[in-house]
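Presented below is the structure to which this report refers.
Any read-out appearing in this document is the output of simple, stated calculations on the displayed coordinates, not a laboratory observation. Note that the structure is a prediction, hence the values are computed from the model and not measured. Virtual Cβ from ideal backbone geometry, glycine too; neighbours counted across all protein chains shown.
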Amino acid sequence: MGLRKRLVLRSESEALGTEGGRLSNKDMDPIPLGSPERTWGWPSLLGFWIAEAFSISMYQVSSTSVSKGLNPGFAILAVFIGHVLVCVPAMLDGYVGCYLGINFPVLTRASFGIRGSYAAVFVRGVVACIWFGTQSFQGGQCLQLMIAAVWPSFDGFPNHLPASAHVTSAEMLCFFLFIIVQLPLLWLHVSSLRYMFMVKTVIMPVFGLTLFIWALVAAKGFGPTFSKPTVIKDGTPAVVVFFQCITSAIGPKATLALNMPDFTRYAREPRQVFWTQAVGLVILVTMCGVLGATVSSASEVIYGKVTWNPLEVARLWNNRAAQFFAGLCWVFGFAVIGTNISANSVSFSNDLSLWFPRYINNRRGAYICAVFGVCAVPWYIQYSAKSFSSFLGGYSLFLGALAGVIICDFWICRKRQVHVSSLYDPRGIHYHTLGVNPRAVVAFILAIVPNMPGLAAACGAKGVPKGAVYWYSLSWLVSTLIA
């Protein structure tokens, strides 16, 4: 038996679209309401968002804005507005997943066509790989903090990489160690992830509250922490930085706003999906933004400079035990691991299953995502606040266009009427023209074109008008509304 035949997934006779294994496998099949696989109640859905709230990336959204010179109160307000905006597609997409029992890649077939969906999920799949690498690099930094707290000599680990690499040998070593730590957890099926979320729900809020109290006590209260005026260092208008913070807040959750069907298809009731998204995303996730703005602003009062990375704040502590437990909470409190699996590896594995349903299921796709995440050189994204914000704004405009097309198609054009079995049939009504829905493609292109000059400027292009750069500060909202 050849290698190719060995890689073919075991056939499921009851699965849809099993003709040649071209359009589905067991992980892609719809899960009807009332199915025993529908194991997520409202505690699991709410726990999902509590778990998502406390992550280093979410912390850094508001802290990077403070490091640019924005007042902490304005940074928190921008994060709140961003979460209100991204909550709308998260609620609408999440409802579709529960209502139809399908994941995001299959849902794109209704909007873009059987063949057009390949391009749609490719856009999200690339983002998921990059994010997986970025989150893993953050996890590696947590491990580095823990190791240095136990063995201080590790701070003197010889570096054999040039400064232009924006990464040290110690960071690279810890990055690969963290990848190895994650590998066993990638084996978990999506329906079992709720247990991981519940662990994180207990550990991370306690750690976040402790960090918040420390910052206020060390900075001697709210006054010194929040009285900092808005002074933008590079001369950019404050309102533009404010809008950039809104887009940055949307960025980490723009992927989840799209891939909520990957999780809500396991929810028992569509009604629970709506209110848990609203409470979890708008209120609970914003709490981590409050934490990031408070600690980064307090760091200027305490240490004399704004420190936007929470791990750098921990390194300034004169307490090795506190440093160790901070790194332990960020990693093994599943702050990084939980977010990485739910928002990135699950997304990518579902996307890759759409391309190769005969060969790729959720588990295989998750491990392939880990390989591609390493190839994404995430240290270039993470090395400065400016590059981190540029990354968040850049990819969110593509995700916003996807969200706009899918939401408009299901809720307005189709009025919630989708023939689910046709999503798995190459001769079904959702095949469209040669497998592509031209209206969806045109809408997607028109949605991203207005933001391309601003994206070029963010990537370093010269001569871009300032108006285009300022317009780009609302890239996700613009692309979503146009689509």
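What percentages, rounded to whole numbers, describe P(r) for segment 337-483 computed over all alpha carbon pairs with 5 Å bin width beginning at zero? The calculated distribution, bin by bin, is 2, 8, 12, 15, 17, 18, 14, 8, 4, 1, 0. Rounded to the nearest 10 degrees, the angle from helix 193-218 to the longest Cα principal axis of the chain is 20 degrees. Ordering Tyr118, Tyr359, Tyr195 by the number of other Cβ atoms within 10 Å of each residue's own Cβ, fewest first, gives Tyr195, Tyr359, Tyr118.
With neighbours defined as other Cβ atoms within 10 Å of a residue's Cβ, the residues His419, His83 order from fewest to most as His419, His83. Under 5 Å between amide hydrogens, built in the peptide plane, is the criterion, and for Leu9 it picks out Tyr359 among residues at least 5 positions away or on other chains.
At a Förster radius of 51 Å, what calculated FRET efficiency corresponds to the Cβ-Cβ distance of Trp151 and Val202, to the nearest 0.05? Efficiency, from the Cβ-Cβ distance: 0.95. Label point of Ser227 set 7 angstrom out along Cα-Cβ; within segment 69-83, amide nitrogens under 20 Å from it belong to 69-76.
Phi angles across segment 131-145 convert, under the Karplus curve 6.51 cos²θ - 1.76 cosθ + 1.60 with θ = phi - 60°, into 3J(HN,Hα) values of 5, 4, x, 4, 5, 5, 5, 4, x, x, 5, 5, 4, 4, 4 Hz, Gly and Pro given as x. How far, in degrees from 0 to 90, does helix 362-375 lean away from the longest principal axis of the Cα atoms of the chain, to the nearest 10? Helix 362-375 and the main axis of the chain meet at about 40 degrees.
What the phi angles of segment 466-483 give under the Karplus curve with 6.51, -1.76 and 1.60, with θ = phi - 60°, is a coupling list of 4, x, 5, 5, 5, 4, 5, 5, 10, 4, 5, 5, 4, 5, 5, 5, 5, 5 Hz, glycine and proline written as x. Rg/Rh for segment 65-157 stands at 1.16; both radii use Cα atoms, and Rh follows the Kirkwood definition.
Taking other C-beta atoms within 10 Å as the exposure proxy, Ile76, Ile31, Ile180 rank Ile180, Ile31, Ile76 from fewest upward. Dipole magnitude for the chain: computed about the Cα centre from +1 point charges on Lys and Arg Cβ and -1 point charges on Asp and Glu Cβ, it is near 460 debye.
Using the Cβ-Cβ distance between Thr433 and Phe212 with R0 set to 56 Å, the FRET efficiency works out to roughly 0.55. For the pair Leu185 and Cys413, label points projected 7 Å from Cα toward Cβ lie 3.8 nm apart. Using C-alpha pairs below 8 Å separated by at least 6 residues, the relative contact order for the chain is 32 percent.
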